[in-house]
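Just below is one structure, and these are the notes that go with it.
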Amino acid sequence: MIEVKDIHKSFGEAHILKGISATFEKGKTSLIIGQSGSGKTVFIKSMLGLHIPEEGDICYDGINYNDMSTDARRDLRKEIGMVFQGSALFDSSTVEENVMFPLKMFTMQTKAEMLERVNFVLNRVDLNNANGKYPAELSGGMQKRVAIARAIVMNPKYLFCDEPNSGLDPRTAILIDNLIQEITDEYNIITIINTHDMNSVMEIGEKIIFLENGLKAWEGTNKDIFKTDNKAVTSFVYSSNLFKKVRQAYLMEG
Amino acid sequence: MNYIEHIGKYFAMLGQVFKRPQKGKIFKEALFRELDDLGNKSLGIAAFIAFFVGGVVAIQTALNVDNPLIPKYLIGFATKRSIILEFAPTFVSIILAGKVGSFITSSIGTMRVTEQIDALEVMGINSLNHLVLPKIIAAVFFYPFIISIAMFLGIFGGYVAGSLTGLFSTVDYIYGIQLEFNSFFVAYAIIKTMVFAFVIATVPSYHGYYVKGGSLEVGRASTQAVVWTSVIIILLNYFLTQMLLG
Ligand SMILES: Nc1ncnc2c1ncn2[C@@H]1O[C@H](COP(=O)(O)OP(=O)(O)OP(=O)(O)O)[C@@H](O)[C@H]1O
Ligand SMILES: [Mg+2]
């Protein structure tokens with residue numbers, strides 16, 4: 001379980017996270033949604049220690065991140081997979097080298113074993129025949145998928161994805177959502193996803209946290225989200241006509 | 001931030017850099033890549049500059065000792081001294097500060113602004129150790145080799161200048177350069193070079209690693225890094241000369 005308690009983060013004068021608390025459980029996919037600029041990226045980077053919050057605590061399975069030594073933090077991070085919003089692939093390495101890198105760094109596997117694992121995860125993100133390409137030679141969506149493959153290659157206990165399916169076509173987006181869901185169930189891990197994508201919300205939103213202006217404005221499931229009267233949530237969700245219709249259909253069904 | 005804070009942060013950075021590499025094999029691969037990028041690829045420019053500067057030093061010396069009482073072989077002797085003591089180690093290091101310094105800052109800075117450093121950190125990798133230590137080792141061990149070649153080519157440049165201009169005879173020159181060989185001077189130059197190499201590897205890394213913003217800031221940081229690396233080399237040169245030869 002990851003517990004976030006009242007974290008605050010500012011950049012100079014700008015107060016971005018204004019006291020957010022949340023818990024994330026094993027075997028569950030939690031989505032963090034909210035408008036562009038609401039602080040989703042800052043929130044998960046703060047959970048990972050990439051930003052240092054001025055206030056608040058983050059506990060990984062009961063151990064407070066603030067109290068961990070540098071080495072303990074590194075050990076924790078070996079169990080974390082992260083997909084960055086901008087992919088953050090190593091641009092001087094090929095796709096294969098990118099995905100293999102954590103294996104090479106932290107396991108004693110032979111080259112053949114590593115290659116097998118790399119091909120397995122690349123296959124899961126539906127990316128075959130790109131092993132020898134450099135990130136600059138890939139489309140944005142392909143880079144995203146390489147980033148996902150790299151994040152899951154070590155079988156992480158905690159998986160963080162910052163907009164894993166932005167820039168992907170609907171078919172691939174669903175494939176990625178399902179993949180993340182499957183991995184979460186299969187390995188009973190904690191998965192946290194930042195997204196704007198209402199499709200993902202409906203498909204895999206077992207738990208949804210809505211951020212607005214650096215605060216948690218709402219929390220619930222994908223079933224609740226069509227019932228809530230919360231202004232911020234409804235204006236976010238029903239900004240698209242499609243979802244207005246979905247809501248009507250949903251309410252009629254009961 | 002003021003200077004004191006930067007200096008503190010720089011030494012704190014070195015604290016993270018000098019840790020045991022997490023995986024020997026990856027470190028070795030990185031080291032060989034850096035030997036090529038920072039070392040091998042600098043040989044050409046260092047050789048070119050050393051050769052021509054050597055020629056100019058010999059010509060200048062010859063033009064300045066036209067007093068008939070001063071023996072001509074002193075031209076070779078003085079040229080050798082200046083090249084070994086200053087021109088090879090300091091001059092070539094300043095050139096390397098420009099070439100290698102901007103390369104280091106822009107490559108690490110780009111990794112910073114495209115979140116590649118965050119990606120390393122989030123995997124549990126000590127990014128400073130992973131990125132900077134191989135550069136330091138490569139520079140500190142390879143640059144003495146470059147400087148030695150530069151010394152040789154500089155002295156040879158003087159010889160060629162003599163034979164092309166006829167300002168001094170090559171026989172005198174060769175006699176002069178053989179005169180009073182002091183191995184401590186070479187040791188002094190090598191020690192200086194190793195110190196400069198350390199500065200060339202670390203100061204630009206510092207500028208790249210802590211850059212904030214985008215490509216414009218990476219560009220600015222590269223220029224800053226070259227300026228600071230050069231300034232620090234010049235100052236250290238002064239203190240080292242006083243300490244070792246004074
Ligand atoms: N390193 C930083 N320095 C200063 N301000 C920052 C920094 N990172 C983020 N911010 C600010 O924090 C706010 C939240 O940014 P964040 O990236 O978390 O938004 P987001 O919810 O992820 O948006 P998007 O959906 O567009 O990715 C923005 O106003 C942004 O300007
Ligand atoms: Mg974001």
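The values are calculated or read from the model by the stated rules, or taken from the named source; none is laboratory data. Owing to the predicted nature of the structure, the values given are computational and were not obtained by experimental measurement. We place every Cβ from the backbone using ideal geometry, glycine too, and count neighbours over all the protein chains shown. Quick note on the areas: whole protein, heavy atoms, side chains included, nothing else; ligands and nucleic acids left out. Shrake-Rupley method; radii C 1.70, N 1.55, O 1.52, S 1.80 Å.
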### Query
When residues of the stretch B:152-191 are filtered for being open to solvent by less than 20 Å² (accessible area, probe 1.4 Å), farther than 30 Å from B:Val17 by Cβ and either in a helix (DSSP H, G or I) or of a type in the set (Asp, Glu) (or both), how many remain?
7
### Message
Scan the stretch A:166-187 and tell me whether some residue there is more than 16 Å from ligand 2 (Cβ to nearest atom) and at pLDDT 95 or above.
### Response
no
### Message
Considering only the stretch A:60-80, I want to know if a residue exists there that is within 16 Å of ligand 2 (Cβ to nearest atom), open to solvent by less than 50 Å² (accessible area, probe 1.4 Å) and of a type in the set (S, T, N, Q).
### Response
no
#### Entry: Residue list for the stretch A:28-57, filter: more than 16 Å from ligand 2 (Cβ to nearest atom), crowded, with 20+ Cβ neighbours inside 10 Å and of a type in the set (Val, Ile, Thr)
A:Thr29
### Task
Please go through the stretch B:192-242 and pick out each residue that is more than 15 Å from B:Thr105 (Cβ to Cβ), among the hydroxyl-bearing types (Ser, Thr, Tyr) and either surrounded by 17 or more Cβ atoms within 10 Å (Cβ to Cβ) or in contact with a strand residue (DSSP E or B) (Cβ under 7 Å, 6 or more places away or on another chain) (or both).
B:Thr193
### Message
Consider the stretch B:1-17. How many of its residues are more than 14 Å from every other protein chain (Cβ to nearest Cβ) and open to solvent by 60 Å² or more (accessible area, probe 1.4 Å)?
### Response
8
### Some residue of the stretch B:135-151 being assigned to a helix (DSSP H, G or I), more than 11 Å from chain A (Cβ to nearest Cβ) and among the polar types (S, T, N, Q)
yes
### Query
Do the conditions hold for B:Gly44, that is, is it under 23 Å from B:Ser148 (Cβ atoms) and among the small types (Gly, Ala, Ser)?
yes
### Query
Looking at the stretch B:110-132, which of its residues are within 9 Å of chain A (Cβ to nearest Cβ) and under 25 Å from the mean Cα position of the chain (by Cα)?
B:Thr110, B:Met111, B:His130
### Query
Does A:Leu138 satisfy being out of contact with any strand residue (DSSP E or B) (no Cβ under 9 Å at 6 or more places or on another chain), open to solvent by less than 10 Å² (accessible area, probe 1.4 Å) and within 19 Å of A:Leu168 (Cα to Cα)?
no
### Task
Looking only at the stretch B:132-140, decide whether some residue is in contact with a helix residue (DSSP H, G or I) (Cβ under 8 Å, 6 or more places away or on another chain), at pLDDT below 95 and either aromatic (Phe, Trp, Tyr) or surrounded by 22 or more Cβ atoms within 10 Å (Cβ to Cβ) (or both).
no
### The one condition in (1) facing chain B (nearest Cβ under 8 Å); (2) surrounded by fewer than 15 Cβ atoms within 10 Å (Cβ to Cβ); (3) not aliphatic (A, V, I, L, M) that A:Phe106 fails to fulfil
(2)
### Query
Is it the case that the stretch B:23-46 has a residue that's in a loop (DSSP other than H, G, I, E, B) and either more than 10 Å from every other protein chain (Cβ to nearest Cβ) or open to solvent by less than 70 Å² (accessible area, probe 1.4 Å) (or both)?
yes
### Message
Quick check on this structure: which one of A:Gly132, A:Gly141 is of a type outside the set (Ser, Thr, Tyr), more than 14 Å from chain B (Cβ to nearest Cβ) and farther than 23 Å from B:Ser107 by Cα?
### Response
A:Gly141
